[in-house]
Amino acid sequence: MSSILDNRPALAKEVADVAEVAGYLWQKGWAERNGGNITVNITDSIDDAVRSMPAISEPKAIGTCLPNLKGCYFYCKGTNKRMRDLARWPMENGSVIRILDDCEHYEIIADSPVAPTSELPSHLSVHNWLIGKGSTYKASVHTHPIELVAMSHNPEFLKKDVLTNLLWSMIPETKAFCPRGLGIVPYMLPSSVELADATIASLADNYDVVMWEKHGVFAVGENVMEAFDMIDTLTKSALIYIDSCAMGFKPEGMSQEQMREISTVFNLPK
Ligand code: 2HA
Ligand code: ZN
């Protein structure tokens, strides 16, 4: 069977990167069953032949109007599809969609009519917001990292930047590679418009990764690898904290002075 990826190396690389990350999410135990979703704005890799490809689905309502997405293309994980399957067969467990000119509907164009993720409204709202603020970020990743979700069950950790500072202080890399920290979004119904709006509000508060309380995290980045790396780095810190507690002591953490030094040397935003 022919694929939209045939003879399109840039597009094939984008999708291969999503598949690689999907495999990591499964291996890490962050993607039980159909848990998590990934969307990537692939508009820059789209040529005229793709632009004239016919739809293979009816136009479907996004549920909201997203004016900055007019004519954009996305690779989206499929709803009810498993990350572990997507890792091996990305075009059977995800699809390419086109946003229609009314900015309220999309259609699937390739390879087969796999319906996109249940979190599509929140993912697309975030992409619309990113474009609106002139961001070059193209990827968003939602997953269920065990240790970070566990930490979100402690109300103390949900106060603004308590977890950011604790995770930054476990190992210098965390502040260097996740320099905006971890935003917190209180528990809300999965897939809801309220959750999408609260996620954007937290990203707008200058975070690249936000915690959905008692559910998971949502990360944005230049590409899918970068979004994954930030979640992975924060999780590494969470594991160091938890291992210390398991050994019977609260980890001391790097000092505020040591963390300021990291910011100066790495020229970090916070
Ligand atoms: O797609 O993780 O939050 C499955 C989910 C929804
Ligand atoms: Zn989820």
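The values are calculated or read from the model by the stated rules, or taken from the named source; none is laboratory data. Keep in mind it's a predicted model, so treat the numbers as computed, not measured. As a convention, Cβ positions derive from the backbone with ideal geometry for all residues, glycine included, and neighbour counts pool all protein chains shown. Note: areas computed on protein heavy atoms with side chains; ligands, DNA, RNA excluded. Shrake-Rupley method; radii C 1.70, N 1.55, O 1.52, S 1.80 Å.
Return yes or no: is Ser191 open to solvent by 10 Å² or more (accessible area, probe 1.4 Å), within 16 Å of ligand 2 (Cβ to nearest atom), over 23 Å from Gln27 (Cα atoms) and of a type outside the set (D, E, K, R)? Step through it out loud before you land on a result.
Values: open to solvent by 10 Å² or more (accessible area, probe 1.4 Å): yes; within 16 Å of ligand 2 (Cβ to nearest atom): yes; over 23 Å from Gln27 (Cα atoms): yes; of a type outside the set (D, E, K, R): yes.
Criteria met by Ser191.
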Could you check, for the stretch 71-79, whether at least one of its residues is at pLDDT 95 or above and over 22 Å from Val220 (Cα atoms)? no
Tell me which residues, restricted to the stretch 107-116, are open to solvent by less than 20 Å² (accessible area, probe 1.4 Å) and either within 15 Å of Thr64 (Cβ to Cβ) or assigned to a strand (DSSP E or B) (or both). Ile108, Ile109, Ala110, Pro116
Restricting to strands (runs of 3 or more DSSP E) lying wholly in the stretch 178-227: which have 1 or more residues that are within 16 Å of ligand 1 (Cβ to nearest atom), within 24 Å of Ala238 (Cα to Cα) and aromatic (Phe, Trp, Tyr)? 209-212, 216-221
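So, of the residues in the stretch 119-153 that are of a type in the set (Val, Ile, Thr) and in a helix (DSSP H, G or I), which turns out to be farthest from ligand 2 (Cβ to nearest atom)?
Ile131
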Check on Ile109, more than 16 Å from ligand 2 (Cβ to nearest atom) and either out of contact with any strand residue (DSSP E or B) (no Cβ under 7 Å at 6 or more places or on another chain) or not hydroxyl-bearing (Ser, Thr, Tyr) (or both): yes
Those residues that are without any contact (Cβ under 8 Å) to a residue 60 or more places away in the chain and of a type in the set (Lys, Arg), I need them from the stretch 160-198; list them, please. Lys160
What is the number of the single condition among (1) out of contact with any helix residue (DSSP H, G or I) (no Cβ under 6 Å at 6 or more places or on another chain); (2) open to solvent by 10 Å² or more (accessible area, probe 1.4 Å); (3) polar (S, T, N, Q); (4) at pLDDT 95 or above that Ser152 does not meet? (2)
Cβ pairs under 6 Å, 6+ apart, first in the stretch 199-219 and open to solvent by 30 Å² or more (accessible area, probe 1.4 Å), second within 13 Å of ligand 1 (Cβ to nearest atom) and among the aromatic types (Phe, Trp, Tyr): Lys214/Tyr187
Of the candidates Ala16, Ala31, Ala55, the one satisfying the condition of being touching a helix residue (DSSP H, G or I) at 6+ places or on another chain (Cβ under 7 Å) and either small (Gly, Ala, Ser) or within 16 Å of ligand 2 (Cβ to nearest atom) (or both) is Ala31
